[in-house]
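The values are calculated or read from the model by the stated rules, or taken from the named source; none is laboratory data. A quick note: this is a predicted structure, and the numbers were derived from the prediction, not measured. Here Cβ is always computed from backbone atoms with ideal geometry, including for glycine, and neighbour counts include all displayed protein chains. Remember, those area values only see protein heavy atoms, side chains included, never the ligands or the DNA or RNA. Shrake-Rupley method; radii C 1.70, N 1.55, O 1.52, S 1.80 Å.
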Amino acid sequence: MKSSKTLLVAMSLMVATTVFAHGDNKPKNGGVVQEVNEIQYELVAKSDVIKIYVEDHGKKIDAKGGTAKVTMLNGKDKSEAQLVHTGDNKLEAKGAFNVKAGTKVVAVVTMAGKAGSTVRFVVP
């Protein structure tokens, strides 16, 4: 009986997640996508550039005036970068970054005049 209830709850959560998912969470720029408060954030992390693209239900959000503080974690190594608006829906930082598969990235994205959103990624 207990396992039947657990299975029912698990199935209900899967259906609810599917029904309430918004937009297309597939990467459009070769990165990894996470959704926070119905906003999609795509992280593109390379050794020379870090980018975050911002969309709402598949529509670009103008990132003018926006910034992001990105913290990258590789085991015990920690590094940070400050991203700024570089056009359309993109925030970007150029430099030398220790990014590889498995790097954990925590981004605090602040759009013009709005409270910051914390977004967590793992680089594929």
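General observations
- Odd one out for Ile50 among (1) free of Cβ contacts under 8 Å to residues at least 40 places away in the same chain; (2) farther than 14 Å from Gly116 by Cα; (3) open to solvent by less than 20 Å² (accessible area, probe 1.4 Å): (1)
- Pairs where the first residue, in region 57-76, is within 15 Å of Val122 (Cα to Cα) and the second is basic (Lys, Arg) and in a strand (DSSP E or B), C-beta under 7 Å, 6+ apart: Thr71/Lys78; Leu73/Lys104
- Once region 101-124 is narrowed to residues that are more than 13 Å from Leu43 (Cα to Cα) and open to solvent by 80 Å² or more (accessible area, probe 1.4 Å), the residue that is farthest from the chain's Cα centre (by Cα) is Gly113.
- Residue identified as out of contact with any Cys (no Cβ under 8 Å at 6 or more places or on another chain), modelled with pLDDT of 95 or more and either over 15 Å from Thr110 (Cα atoms) or surrounded by 11 or more Cβ atoms within 10 Å (Cβ to Cβ) (or both) among Gly23, Gly30: Gly30
- Given (1) loosely packed, with under 15 Cβ neighbours inside 10 Å; (2) touching a Leu at 6+ places or on another chain (Cβ under 7 Å); (3) not in a strand (DSSP E or B), index of the condition Val84 fails: (3)
- Filter pass, Met72 being modelled with pLDDT of 95 or more and out of contact with any helix residue (DSSP H, G or I) (no Cβ under 7 Å at 6 or more places or on another chain): yes
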